[in-house]
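I have placed the structure first, in the form of C-alpha cells, so that the comments after it can refer back to it.
Throughout, read-outs are computed from the coordinates displayed, never taken from laboratory work. As the structure is a prediction and not an experimental result, all values here were calculated from the model. For neighbour counting, all protein chains shown are included, and Cβ atoms are generated from backbone atoms with ideal geometry for every residue, glycine included.
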Amino acid sequence: MMRFRRCLAGVGAGAVLAAFAGVGMGGGASASQVTVAVNNPGGSRTLFVEDLLGQPLTTLDFGTTRAHPFRVRVVDTTMDRSGFAILTSMSNLYKVSGNSFDFGNTIPSGNVSVDYPTTPVNALSVAAIVEPVFNMTETVTGPLCTALTTAGGSCSIALSAVNGLRQTASLTVDLSKLLTLPIVPQVGDSGSFASPDFNGIGANDPSKPASFTPTTVRVLGGGVGSDPALLTDVKAAVQSLIAGSPASSLVDSGTLTGALRSAIGGPVYDALTPTEVQQLVDGLQPTLTDFLASQLVAQSGTYLSYPSLHVNVPTTAPAGNYQGTLVVTAVQL
C-alpha cells in the first residue's frame, strides 16, 4: 500500500479562497503533482481536484449557501491493476483577519460535511490492456501441401495457446453496469469531519495535541473489477478490434514461427524454404481464446466523483471570515 498526503489550504466560510492542486500518482511531477513510484514502467495514475468546469480548483466560496460542489478526477494511463482510495480530512476553521488567525474563535471541523448529487460517479474513455492467447489452424493445399508431406508432415496444421501481442481495447461504459469495468469507480462516503486534522492552518493552533487521528471521508474509490462479465466484454472488444487481422500482426514473429515449428515438427519445418514458411504463416487462421483474469494486465480510463462540501456555521460564531485546510490523501491499494 502506498499513501501520500497533500494539504489543500484555505477552505472557508464566507468569501474565502481555497487553493486546490492536482496530485500525480506514477506520472511526471509538476508544482501541482506528487509522484508515487509504481512497478509499472510507462503507466500512470493522476488525481485532479477541480471545479465543475474541469479547471483546477483555486477558489471555494461558500457564500450564503454554505455549500460548494467540486470534482475529483482520477486518470489512469496504461496503469497496472491496482485499486485506489481518495480520502479527505478537515481542520477546524479559524477566524481570520488579513494574514492573522484568531485560534480562539473557530468553527469545528465537525460542522463541515460531504455529500453527493443523484449521480455521484462516472467513468469515461475506459480501455483494457490485455495479453490475448490464440489458437490457429490451417489447411494447406497444392505444392505447399506436397512439400509438407514429402518432408513427413501433414497438410492440416493446428497451433494451440499462442501468446499474442498486447492489445488495447476500448470498452463501453454503462453507468448501470459499472461492476464490469477493469477498475470499478466507487461512490464516496457522506459524513462530517468529527475529529479535526491539524495539518495546514491547524498546524499553528496552540491547542494542537501532540498526536491526533483526524476523521477521514472517502470522496472516490476504485476497486479491481472481478465480475465474470468483465472478461466476456473484454473478449468481445478485442475480437472486434482484431477482426480480419492476419496472424503475423497479432503475434510476435519469433513466437509465431516458433509455435509453427513445434506444431509441424522440427525436421519438417527445417526442410521448408523461407518462402514456404512464410506461406504457412500467411495462411494461419487465428481464433481468440477466452480470457483469464491474469491476461488483463492494465487499464486506461477516467473516473470522476462529484462531492459537495458543506459548512454549518454556529449561531455563536463571531461574524467574519474563517479559513481551514482540507487535506487530501491518495492511497494506492
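Couple of notes before you dig in:
- Using a Förster distance of 22 Å, the FRET efficiency for THR287-CYS155 (Cβ separation, nearest 0.05): 0.70
- Candidates GLY202, GLY283, GLY221: whichever shows maximal mean-square fluctuation once the chain is modelled as a Gaussian network with Cα springs under 10 Å: GLY283
- Relative contact order (percent, whole number), the range 103-229, Cα cutoff 8 Å, 6+ residue spacing: 32
- Estimated purely from DSSP H runs of n ≥ 4, each contributing -39500 (n - 2.57), the mean residue ellipticity at 222 nm for the chain is -5000 deg cm²/dmol once divided by its residues.
- Neighbour net charge for GLY191 - beta-carbon separation under 14 angstrom, K R +1, D E -1: -1
- Top of THR232, THR88, THR150 by mean-square fluctuation, Gaussian network on the chain, Cα under 10 Å: THR150
- Backbone amide hydrogens, once placed in the peptide plane, bring SER190 within less than 5 Å of nothing, excluding anything fewer than 5 places away on its chain.
- Separation in nanometres of the label points that stand 7 Å from Cα toward Cβ, at ASN321 and ALA203: 2.2
- Rounded, prolate or oblate (a/c below 1.5 giving rounded, otherwise prolate when a/b exceeds b/c) for the range 125-182 by Cα gyration tensor: prolate
- Hz values of 3J(HN,Hα) by residue in the range 297-314 - Karplus curve (6.51, -1.76, 1.60), Gly and Pro given as x: 9, 6, 8, 10, x, 10, 10, 10, 9, 10, x, 10, 9, 10, 10, 9, 7, x
- Bridgeable aspartates and glutamates around LYS208 (alpha carbons under 13 Å apart, same-chain partners fewer than 8 residues away excluded): ASP197.
- Top of SER195, SER154, SER300 by mean-square fluctuation, Gaussian network on the chain, Cα under 10 Å: SER154
- GLY225 long-range amide H proximity, modeled H, under 5 Å: ILE183, VAL184
- Ranked list, fewest to most other Cβ atoms within 10 Å of each Cβ, for ILE201, ILE242: ILE242, ILE201
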